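These notes are about the structure you will find just below.
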Amino acid sequence: MQKVLVTGAAGFIGFHSCRRLLDEGREVVGLDNLNGYYDVALKKARLALLTGYDRFRFVKASLEDRGELSSIMESGRFHCAVNLAAQAGVRYSLVNPHAYADSNLSGFLNILEGCRNTGVRHLVFASSSSVYGLNAQTPFSTHDNVDHPVSLYAATKKANELMAHSYSHLYGISVTGLRFFTVYGPWGRPDMALFKFTKAILDDEPIEIYNHGKMQRDFTYIDDITEGILRVVDRPPVADPDWSGNASDPSSSSAPYRIYNIGNNRPVGLMEFIEILENALGKKAKKKFLPMQPGDVTTTYADITALEEAVGFRPGTPLENGIRAFVAWYKQYYRSFVPIVPRNGTPASHRAGLGA
């Protein structure tokens, strides 16, 4: 039986990935530190569903704890590691940059060292569409240069790709990086636009719309993300014999290393997104239009050709279907629509991050 380590197991993508791996018959060890970046009760509720599987074991730990992570990986002897743990959020990286250095850089280095020292055959890790930064060529291709990030969060994700390549080159570890494009769906993150907009509309409070609504995102439904992850897990990359440093492709290598986009391949305008949500809720939003926020980009749009060629899969869940599924989950989970309160004890605003 294949044994998989999933970090960030109590997170949005981590939870869904664990459940898919378990449903496929894998043995999963889920690691998470249950930090307070957003509602810990939501994370615990996700974990409660996972602990119903006999083949799931949860370990509370942080990537930054080198000794503990090393011990977990040494005792586990994992076939594959899926690293989804990270400090998320573009805007929060402007407020607490050191959290990103600790988790996304030091923590990721600990994962790489764990893979090297324990013989993990394949490392799959989360990157982000944020790495495209100032790139204006659309759709965003993994063949494009991504050397101009516009947030520290994006810079740490680009750094992860570079760090992973160095370990793949030095130690022959098969490594796959996945650039996620605005993931949404049931059990989603409360700091993301769909979650916050839904709460605000139901509470009859205004939503804050940045860049006066002139933004587009390639929204990707969570089931499409997990399908992509599952397919990639089973296809460790091999060295590309045709790769050349004279005409280098940043998405592949002479090492067993690949980078893929996972997106819906259909950017949707922010105002259209809000209209679809209003229709799903049966209620109009009160709108407050604001200028562009630092660290944001106006458009994300994934070229998914490489993913389709490699694993035979194209994400394609219609946004209308995905939003309806989220709304149904939200209404069930928050039956009384209790306000989400962050750790400082004050009600959370409805200022939403679109994500990248």
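Note on A45/D242: beta-carbon distance plugged into 1/(1 + (r/R0)^6) with R0 of 51 Å gives a FRET efficiency of 0.60. Kirkwood radius and radius of gyration were both taken over the C-alpha atoms of segment 80-121, and their ratio Rg/Rh is 1.09.
Neighbours of T299 by Cβ distance under 9 Å: Lys/Arg scored +1, Asp/Glu scored -1, total 0. Put simply, the Cα atoms of segment 177-336 extend 58, 34, 20 Å along their principal axes, the longest span coming first.
Which semi-axis lengths, in whole Å and largest first, follow from the square roots of five times the eigenvalues of the Cα gyration tensor of the chain?
Semi-axes, largest first: 31, 24, 19 Å.
Seen from a random direction on average, the alpha-carbon convex hull of segment 90-185 projects onto 7.0 square nanometres. Straight Cα distances below 19 angstrom link K44 to the aspartates and glutamates D32, D54, D191, with same-chain residues fewer than 8 positions distant left out. Equivalent-ellipsoid semi-axes for segment 1-147 (Cα gyration tensor, √(5λ), whole Å, largest first): 26, 18, 17.
Can you list the trypsin sites (Lys or Arg not before Pro) in segment 52-119 that are in a DSSP coil and have 11 or fewer other beta carbons within 10 angstrom?
R77
Taking the Cα centre of the chain as reference, the dipole from Cβ charges on Lys and Arg (+1) and Asp and Glu (-1) amounts to some 980 debye. In terms of distances greater than 23 angstrom between alpha carbons, the cross-link table entries K157/K214; K214/K286; K43/K196; K43/K288; K157/K331 yield K157/K214; K43/K288; K157/K331.
Applied to segment 323-334, the Karplus parametrisation 6.51 cos²θ - 1.76 cosθ + 1.60 on θ = phi - 60° returns per-residue 3J(HN,Hα) values of 5, 4, 5, 5, 4, 4, 5, 4, 5, 6, 6, 9 Hz, with x for Gly and Pro. Ellipsoid semi-axes for segment 114-271, based on the Cα gyration tensor and the rule √(5λ), read 33, 18, 13 Å when sorted largest first. Here is how the number arises for the chain: DSSP H runs of 4 or more residues each give -39500 (n - 2.57), the sum is divided by the residue count, and the result at 222 nm is -11000 deg cm²/dmol. When both segment 199-269 and segment 127-146 are represented by their alpha-carbon centers, they are found 10 Å apart.
Here the ratio of the Cα radius of gyration of segment 1-78 to 2.2 N^0.38 Å is 1.04.
Rounded to the nearest 0.05, what FRET efficiency do M292 and Q137 give with R0 = 22 Å and r taken as the Cβ-Cβ distance? Could you check?
Calculated transfer efficiency: 0.65.
Using 0.36 nm per residue of separation minus the Cα-Cα distance, give me the extension gain between S71 and Y53 in nm, one decimal.
Net length gain for the segment: 4.1 nm.
Surface analysis of the chain yields an accessible area of 41 Å² per residue, using protein heavy atoms and a 1.4 Å probe. The residues neighbouring A45, those whose beta-carbon lies less than 14 Å from its own, together hold a net charge of +4 under the Lys/Arg +1, Asp/Glu -1 convention.
The values are calculated or read from the model by the stated rules, or taken from the named source; none is laboratory data. No experiment lies behind these values; they were computed from the predicted model shown. Backbone-built Cβ (ideal geometry, glycine too); neighbour counts: all protein chains shown. Protein only, heavy atoms only, side chains kept; ligands, DNA and RNA dropped before computing areas. Shrake-Rupley method; radii C 1.70, N 1.55, O 1.52, S 1.80 Å.
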